[in-house]
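Data first, discussion second: the structure below is written as structure tokens.
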């Protein structure tokens, strides 16, 4: 995540700010410009493009700008949400706002990586969209199917999420982590369309068409195979090649965004940013060279504060080989100096 500043007074801003605490200007985040803009009292951009504040400012604390002419008045991230709690569901709305905040971080990273973000309005059959549902009203299973990412909003409750993390023996469980995992399933279909990419996937991950239900039953009956730590990034990745890909993709996003943030605040070289082309084998080696000492130091800092490790994972060589393929496919598809496909939101 970049280090942002108020365009009027230079005060540092967080990614979530809707008002500058220095000059008290009303501000909004412009995902196209990748920076903040000053707004008028009516929430309209004070200069430049005719953009206005997202209609979800109050209901989801969204600080993004909606593009000019947006029929819904929603920003590019909020417009991807197909289903959400009703305005009258006062119990679910706070969790919805938390989920949207995590989703905005996800979408911004995808933009930074140059990946296409195409909604249902662009591709009605398999375009990306999100169903953010409350399991207090119905049974909700977090997952992905044909571009639809479903999230149980109960994952925003710290106690509920921690209970699940412990019961499932997971070292890590967050809203952002869920989004990054499920978006990995979506980008499998986007990034492995070519026969060559699919063949390389098969070599490293296995058969993506293997019986998923059988793999799911086996995983929850028997657990991960002995010695899985020598090959996989997580225990859940052992369940099925599709889950191995999604876990690896999520960790790639974890690493790239954390390095980007570290570079913005001087904890990593400037070349670690998402805006820096890191294509090819040399680029991937550089990512790993930067990440390993940073993750170690951040874990030690967390321990100094009495917290669990920030990144409680080990990346064995086979898992890095799989992540290398993710990097190559992402770099080849992006437009940040790494490819020629422009991102599209909508």
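The values are calculated or read from the model by the stated rules, or taken from the named source; none is laboratory data. All values derive from a computational prediction rather than experimental measurement. In this analysis, Cβ positions are derived from the backbone assuming ideal geometry, glycine residues included, and neighbour counts consider all displayed protein chains.
Let's see how each residue does on (1) in contact with a strand residue (DSSP E or B) (Cβ under 7 Å, 6 or more places away or on another chain); (2) under 30 Å from residue 126 (Cβ atoms); (3) not in a loop (DSSP other than H, G, I, E, B):
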residue	(1), (2), (3)
33	no, yes, no
42	no, no, no
75	yes, yes, no
79	yes, yes, yes
86	no, yes, no
89	no, yes, no
95	no, yes, yes
105	no, yes, yes
108	no, yes, yes
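Mind telling me which of the residues 249, 284 ends up being in contact with a helix residue (DSSP H, G or I) (Cβ under 6 Å, 6 or more places away or on another chain), in contact (Cβ under 8 Å) with a residue 40 or more places away in the chain, assigned to a helix (DSSP H, G or I) and more than 27 Å from residue 143 (Cα to Cα)? One residue alone meets the criteria, 284. Determine if segment 181-190 includes at least one residue that is at pLDDT below 90 and closer than 30 Å to residue 84 by Cα. No. Among the residues of segment 105-128, those identified as in contact (Cβ under 8 Å) with a residue 12 or more places away in the chain, farther than 20 Å from residue 329 by Cα and either out of contact with any helix residue (DSSP H, G or I) (no Cβ under 8 Å at 6 or more places or on another chain) or surrounded by fewer than 18 Cβ atoms within 10 Å (Cβ to Cβ) (or both) are 120, 121, 122, 123, 125. Whether any residue in segment 267-289 is at pLDDT below 90 and at positive phi is what I want to check. Yes: segment 267-289 contains one or more residues that are at pLDDT below 90 and at positive phi. Among the residues of segment 227-266, those that are surrounded by fewer than 21 Cβ atoms within 10 Å (Cβ to Cβ) and over 23 Å from residue 172 (Cα atoms) comprise 264, 265, 266. Does residue 275 satisfy the criteria of being surrounded by fewer than 19 Cβ atoms within 10 Å (Cβ to Cβ) and either within 18 Å of the chain's Cα centre (by Cα) or assigned to a loop (DSSP other than H, G, I, E, B) (or both)? Yes, satisfied.
Going residue by residue through segment 48-65, is there one that turns out to be outside any loop (DSSP other than H, G, I, E, B), out of contact with any helix residue (DSSP H, G or I) (no Cβ under 6 Å at 6 or more places or on another chain) and more than 25 Å from residue 85 (Cα to Cα)?
No; the residues of segment 48-65 include none that is outside any loop (DSSP other than H, G, I, E, B), out of contact with any helix residue (DSSP H, G or I) (no Cβ under 6 Å at 6 or more places or on another chain) and more than 25 Å from residue 85 (Cα to Cα).
Of the residues making up segment 306-346, those that are modelled with pLDDT of 80 or more and over 18 Å from residue 188 (Cα atoms) number 13. The number of residues in segment 290-333 that are loosely packed, with under 15 Cβ neighbours inside 10 Å and either under 20 Å from the mean Cα position of the chain (by Cα) or on the phi > 0 side of the Ramachandran plot (or both) comes to 2.
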